[in-house]
Each structure stands twice: as C-alpha cells, then as structure tokens.
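Note sheet for the following structure.
The values are calculated or read from the model by the stated rules, or taken from the named source; none is laboratory data. This structure is a prediction, so every number in the text was calculated from the model and none was measured. Note: ideal-geometry Cβ built from the backbone for every residue, glycine included; neighbour counts use all protein chains shown.
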Amino acid sequence: MTRRRVPIRNAFLVAGTLLIMFCVAAHAAPEKKDRTQGRLLLGKVLDQQDNPVVNAVVYLTNTRTHAVKTYIVGQDGTYRFPGLSPAADYEVYAQHDRGKSDTKSVSQFEDRSQVYIDLRINTR
C-alpha cells in the first residue's frame, strides 16, 4: 500500500481557504444589537429657583466598576447618559463652581428603561 503525499503547498492552500471562509462567515453574520437593552438616565441641573445651571458638570459613577462618566450641560441645563447597564447601580451628582448637588442613586432593581432625575445645586 503506497501513501500519497500531499504537497505542502496544497495544505497551505486548503488551510488558507478555510480561514478565509471562516472570516467571511463571521463578518457576514451581522452583530445583533438590541437597542432596547440599556437604560437612559436624563434630567436637568437646576438652581434653587428652578433655573437651569449652565455649564454644570454631571458625574455618573458605576458603583460596581467605579467607572465615571461626565456630561457638561448646555443652555437648557439638560443632561443624558444613554446605554447604561440594567445590571448595575449608579450614582449621579452635579457640580458648578463651588456648588454641588446631592448624590442620587439609580438602582439596578428599577425596571424603568428611562430614569429622570433633576439635580439641584445651591448656587449662592
């Protein structure tokens, strides 16, 4: 019984073809992104008279990872943090010059997809 040797070039050709097929198949299958996943935290930064506090900085902290995101509010005082993990707790507060709001919590046990929190800064 004689064994037939496959030339090494053919082996590389077959391996390369399989690799290309795998990459094309992996790339062709679109990644499913469920945009309904994730929460939206939004609200306004206000002073004691309910006026927007322009250029206040809102700090959002993931209490599990301690990652911090910031948002600088505009003329209308609004902020928004989209795509938050529904499986994490967050703390949010605002700061402007020397004034700071109370820290508010967003619990993972809240089942709302949108959480609205106004932050009040004492701007005296």
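Annotations for the structure displayed:
- Residue ID - farthest from the chain's Cα centre (by Cα), chosen from residues in segment 69-91 that are among the hydrophobic types (A, V, I, L, M, F, W, C) and part of a loop (DSSP other than H, G, I, E, B): Val73
- Whichever residue in segment 77-120 is at pLDDT below 95 and of a type in the set (Asp, Glu) and, among such residues, is surrounded by the fewest Cβ atoms within 10 Å (Cβ to Cβ): Asp111
- Cβ separations smaller than 6 Å between residues 6+ apart or across chains give the following pairs from segment 104-124 residues that are touching a residue at least 12 places away in the same chain (Cβ under 8 Å) and more than 12 Å from Gly43 (Cβ to Cβ) to residues that are of a type in the set (A, V, I, L, M, F, W, C) and part of a strand (DSSP E or B): Ile121/Ala94.
- Test: residue in segment 59-68 that is more than 15 Å from the chain's Cα centre (by Cα) and either of a type in the set (Ser, Thr, Tyr) or closer than 13 Å to Leu42 by Cα (or both): no
- Residue check for Thr36: surrounded by fewer than 14 Cβ atoms within 10 Å (Cβ to Cβ), modelled with pLDDT of 95 or more, farther than 16 Å from Asn122 by Cα and of a type in the set (S, T, N, Q): no
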